[in-house]
1. Please go through (1) part of a helix (DSSP H, G or I); (2) under 25 Å from Glu85 (Cβ atoms) for Val293 and return the number of the only condition it doesn't satisfy.
2. Using the structure shown, decide if Glu338 is farther than 17 Å from Ala211 by Cβ, of a type outside the set (Phe, Trp, Tyr) and touching a residue at least 60 places away in the same chain (Cβ under 8 Å).
3. Taking the condition surrounded by 10 or more Cβ atoms within 10 Å (Cβ to Cβ), modelled with pLDDT of 65 or more, assigned to a helix (DSSP H, G or I) and not assigned by TED's automatic domain parsing to the domain that holds Gly180, does Thr15 pass?
4. Which is in contact with a helix residue (DSSP H, G or I) (Cβ under 8 Å, 6 or more places away or on another chain), more than 10 Å from Tyr367 (Cα to Cα) and assigned to a loop (DSSP other than H, G, I, E, B), of Asp262, Asp277?
5. Determine, yes or no, whether Pro292 is at pLDDT 95 or above and farther than 22 Å from Gln348 by Cα.
6. Give the number of residues within region 67-93 that are assigned to a loop (DSSP other than H, G, I, E, B), surrounded by fewer than 22 Cβ atoms within 10 Å (Cβ to Cβ) and small (Gly, Ala, Ser).
7. Among (1) at positive phi; (2) at pLDDT 95 or above, where does Gly52 come up short?
8. Scan Gly261, Gly252, Gly288 and give me the residue that is in the same structural domain as Asp95 (by TED's automatic domain parsing) and surrounded by fewer than 24 Cβ atoms within 10 Å (Cβ to Cβ).
Amino acid sequence: MVSEKEADEGGQSETEWAGALNDDSYRTLVVICSTLLLLLASSIASLYIWKGEEGLNLGGPPSALLSWDLEYKQMTGFDRISGLEGIGVIVCVVDSGIDLNHPDLDHIQLLGWKDTVNQIGEPYDDEGHGTAMAGIIAANGGLEGISRGVGLLVSKAIDEDGEGSDQSVSESVDWCVEEGADIISLSLGGEQGFGSGFFTTDGLEQSVENAMDSGVFVVAAAGNDGEDDDGDVESPGSVEDVICVGGISRNGDVWSGSSRGDNNGRFWPNPILPRDDPDKKPEIVAPGQEVPVLVAGESSGNSWWGWSSGTSASTAWVSGALALLLEHDEGLQRENSEGRGAIQEVKQMLMERSQMKDGSSGHDDYYGYGMLRIDQMIGGVSDVSKTSRSHVANFSEVKFPEENQVSDFINPTRVPPVNSAKPIEWLELTSLTNPIHRLKDATFVWAGVGSSPSEGVPTSPVGTVGS
């Protein structure tokens with residue numbers, strides 16, 4: 001038999017053993033948790049270093065932005081073509097610069113950079129507008145640009161306060177031509193030079209004329225004064241043969257701020273000759289309300305994506321589409337055409353192959369010849385080429401999906417709650433000579449799903465932005 005003393009000693013040993021076991025389990029659990037926390041922290045630190053960013057946004061653009069982007073691409077026919085990315089075409093963006101540290105732009109190797117403001121040798125964007133416009137054309141990441149395979153030139157003509165001059169933009173346009181651009185994208189505008197339409201006394205308008213004489217396409221914004229319109233589109237969009245772009249919303253209507261064209265002519269305050277087809281202004285409309293854009297790091301408050309309303313975005317959208325057309329038909333590119341021949345051919349195409357608004361049979365002073373339809377333009381290249389010049393595009397290389405033409409813009413995605421972002425005005429710029437304005441695009445920064453909205457650039461919204 002076991003004595004009481006032995007039993008007590010045995011029980012005590014078992015108790016001590018159980019306590020020791022509990023202590024070991026606790027230590028093991030602490031070690032495991034600590035290890036997991038260290039792994040998580042090191043992973044976040046590695047991502048932070050790898051991304052090279054001041055802040056992290058690992059979730060990508062909000063689903064609403066992606067949905068809006070898809071809707072606009074469906075409206076304008078981009079979902080009906082494949083095999084084109086703008087390869088071999090050079091686009092020059094004249095704006096506030098470019099933020100190549102943006103995760104959607106870090107693949108880009110610029111073909112050239114010029115800073116007419118501060119003469120800094122490395123690319124940067126201390127205002128943000130240029131990054132947004134370049135992203136519409138060439139982004140490849142969370143958002144995908146219209147023509148992400150283009151060769152990109154960027155000239156900074158706008159300073160950190162959103163100000164610039166006629167001279168700085170004119171110098172930038174001249175540089176684009178010298179560097180071999182096929183397309184110059186100008187998401188800006190200003191007052192027309194005296195005598196515009198007869199002759200020009202304006203330096204920027206003269207540079208634009210010279211660029212087009214060299215076979216370079218110039219795409220420019222109609223302007224954003226539609227709610228208090230001065231009667232005509234802004235310069236240099238007003239110049240004959242420039243492709244002037246107005247804005248539309250996701251339901252296909254004209255964006256409320258898009259400027260109208262004066263195509264009947266006038267004598268005062270600045271003489272304008274009546275315009276004839278295919279040169280009536282604006283020539284075309286493209287996405288201009290709540291267009292998904294990239295946000296430069298220096299102005300984003302660690303937010304990489306947002307949306308912008310204004311004909312600036314419309315202009316970049318058309319510039320990207322034009323790059324696809326020029327890739328598809330190399331005969332339209334600068335080195336393969338003479339003078340303005342290719343420009344005039346494309347303008348005829350815009351008049352004939354844009355999607356007119358319901359009930360229209362010709363040009364509309366707000367809606368132009370219609371909404372951009374890149375699928376119809378590319379589908380019409382062969383027909384035009386056969387009759388107008390010897391070069392015939394290799395139409396068989398472009399693939400068209402079999403689905404029917406989309407009309408999803410009839411039921412557009414709704415705008416998210418107003419507390420998901422805050423409006424930002426791109427500041428008006430003043431010029432030392434003929435005034436040029438930074439187009440007053442209302443721009444929103446999206447802090448990300450579940451995040452608080454952030455704003456890092458001047459506020460005070462202009463106009464109404466919403467559905």
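The values are calculated or read from the model by the stated rules, or taken from the named source; none is laboratory data. This structure is a prediction, so every number in the text was calculated from the model and none was measured. Quick reminder, even Gly has a Cβ in these numbers, built from the backbone with ideal geometry, and neighbours come from all protein chains shown.
1. It fails just one condition, (1).
2. On the way: farther than 17 Å from Ala211 by Cβ: no; of a type outside the set (Phe, Trp, Tyr): yes; touching a residue at least 60 places away in the same chain (Cβ under 8 Å): yes.
So Glu338 does not fit the description; no.
3. Details: surrounded by 10 or more Cβ atoms within 10 Å (Cβ to Cβ): yes; modelled with pLDDT of 65 or more: no; assigned to a helix (DSSP H, G or I): yes; not assigned by TED's automatic domain parsing to the domain that holds Gly180: yes.
In short, no.
4. Values: Asp262 fails: in contact with a helix residue (DSSP H, G or I) (Cβ under 8 Å, 6 or more places away or on another chain).
Criteria check complete, one pass: Asp277.
5. Details: at pLDDT 95 or above: yes; farther than 22 Å from Gln348 by Cα: yes.
Yes.
6. 2
7. Going through the list (1) at positive phi; (2) at pLDDT 95 or above, Gly52 breaks only (2).
8. Details: Gly261 fails: surrounded by fewer than 24 Cβ atoms within 10 Å (Cβ to Cβ); Gly288 fails: surrounded by fewer than 24 Cβ atoms within 10 Å (Cβ to Cβ).
Result: Gly252 is the single residue among Gly261, Gly252, Gly288 that is in the same structural domain as Asp95 (by TED's automatic domain parsing) and surrounded by fewer than 24 Cβ atoms within 10 Å (Cβ to Cβ).
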